[in-house]
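First up is the structure itself, then whatever we jot down about it.
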């Protein structure tokens, strides 16, 4: 694990002390299926079943750094997967993390992984493109699947001054976009370049 973190720091995927500390505390091996545990510390996406993946650590680091997560932030994650990303976020911000997964079996896998790792993330089953109105507004929203556009419900559920990080574009090849919500409700966007994610499925997705 140390070699992976050293690599992420050396190539400036990890820039802040808070993100570095999260990667040191959260063991990726706890969040990959048994058959892939030997590859847990490689900088590659890995299959977690149901045509879904756990993202490459470098991509996760880019997203977490872009969001500028702070202790006490309320965060909504769309696409729980195995729970690894949610654990990293929780390590930085605390217990105010909500994560939506559309596949019930993966939601259960994530809950089990998070429980064993000691994190109290609220994992919900539903259409992540609609967000989670009950706990809105959020300081930060992170989407771990590629959307054709930034879903309107997610923009609405973001606080003024809040940030959303989301891959936008085609179903598998897209640009990583960081949006900051302005006082008029619109987003000021920054493009972090090309990336590849599984498609975001739902009413406001594909």
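Quick check on my filter: what residues within the range 85-113 are farther than 20 Å from residue 201 by Cβ, buried (at least 24 other Cβ atoms within 10 Å of the Cβ) and touching a strand residue (DSSP E or B) at 6+ places or on another chain (Cβ under 7 Å)? 89, 90, 97 - these are the residues of the range 85-113 that are farther than 20 Å from residue 201 by Cβ, buried (at least 24 other Cβ atoms within 10 Å of the Cβ) and touching a strand residue (DSSP E or B) at 6+ places or on another chain (Cβ under 7 Å).
Results for (1) touching a helix residue (DSSP H, G or I) at 6+ places or on another chain (Cβ under 6 Å); (2) modelled with pLDDT under 95; (3) not in a loop (DSSP other than H, G, I, E, B), shown as yes or no for each residue.
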site: 14; (1), (2), (3): yes, no, no
site: 19; (1), (2), (3): yes, no, yes
site: 23; (1), (2), (3): yes, no, yes
site: 81; (1), (2), (3): no, no, no
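Tally up the residues in the range 57-78 that are in a helix (DSSP H, G or I), in contact with a helix residue (DSSP H, G or I) (Cβ under 7 Å, 6 or more places away or on another chain) and within 18 Å of residue 198 (Cβ to Cβ), please.
Start the filter on the range 57-78 by keeping residues that are in a helix (DSSP H, G or I), which leaves 57-67.
If we keep only those that are in contact with a helix residue (DSSP H, G or I) (Cβ under 7 Å, 6 or more places away or on another chain) as well, we get 57-58, 60-61, 64-65.
Cutting the leftovers down to within 18 Å of residue 198 (Cβ to Cβ) gives us 57-58, 60.
Residues flagged as in a helix (DSSP H, G or I), in contact with a helix residue (DSSP H, G or I) (Cβ under 7 Å, 6 or more places away or on another chain) and within 18 Å of residue 198 (Cβ to Cβ) within the range 57-78 amount to 3.
Checked against (1) assigned to a strand (DSSP E or B); (2) in contact with a helix residue (DSSP H, G or I) (Cβ under 6 Å, 6 or more places away or on another chain); (3) more than 25 Å from residue 58 (Cβ to Cβ), residue 204 meets all criteria but (1).
Inside the range 142-157, residues that are within 20 Å of residue 95 (Cα to Cα) and surrounded by fewer than 24 Cβ atoms within 10 Å (Cβ to Cβ) make up a count of 1.
Residues in the range 178-186: is at least one under 18 Å from the mean Cα position of the chain (by Cα), under 22 Å from residue 69 (Cβ atoms) and in contact (Cβ under 8 Å) with a residue 60 or more places away in the chain? There is at least one residue in the range 178-186 that is under 18 Å from the mean Cα position of the chain (by Cα), under 22 Å from residue 69 (Cβ atoms) and in contact (Cβ under 8 Å) with a residue 60 or more places away in the chain.
If you filter the range 115-141 down to residues that are in contact with a helix residue (DSSP H, G or I) (Cβ under 6 Å, 6 or more places away or on another chain) and closer than 22 Å to residue 166 by Cβ, you find that the one that is surrounded by the most Cβ atoms within 10 Å (Cβ to Cβ) is 141.
Taken over the range 12-32, the criterion of being without any contact (Cβ under 8 Å) to a residue 60 or more places away in the chain and within 13 Å of residue 60 (Cα to Cα) is satisfied by 12, 13, 14, 15, 20, 28. Of all residues in the range 161-198, those satisfying the criterion of being at pLDDT 95 or above, surrounded by fewer than 18 Cβ atoms within 10 Å (Cβ to Cβ) and closer than 26 Å to residue 44 by Cα are 175, 190, 191, 192, 193, 194. Here residue 78 fulfils each of the conditions (1) out of contact with any strand residue (DSSP E or B) (no Cβ under 6 Å at 6 or more places or on another chain); (2) within 26 Å of residue 171 (Cβ to Cβ) apart from (1).
Taking the range 47-74 on its own, how many of its residues are at pLDDT below 95 and at negative phi? Looking only at that region, the number is 0. Are any of the residues in the range 29-38 closer than 24 Å to residue 111 by Cβ and within 15 Å of the chain's Cα centre (by Cα)? Taking every residue of the range 29-38 in turn, at least one turns out to be closer than 24 Å to residue 111 by Cβ and within 15 Å of the chain's Cα centre (by Cα).
The values are calculated or read from the model by the stated rules, or taken from the named source; none is laboratory data. Values in this document were obtained by computation on a predicted structure and should not be read as measured data. Positions of Cβ are backbone-derived with ideal geometry, glycine not excepted, and every protein chain shown enters the neighbour counts.
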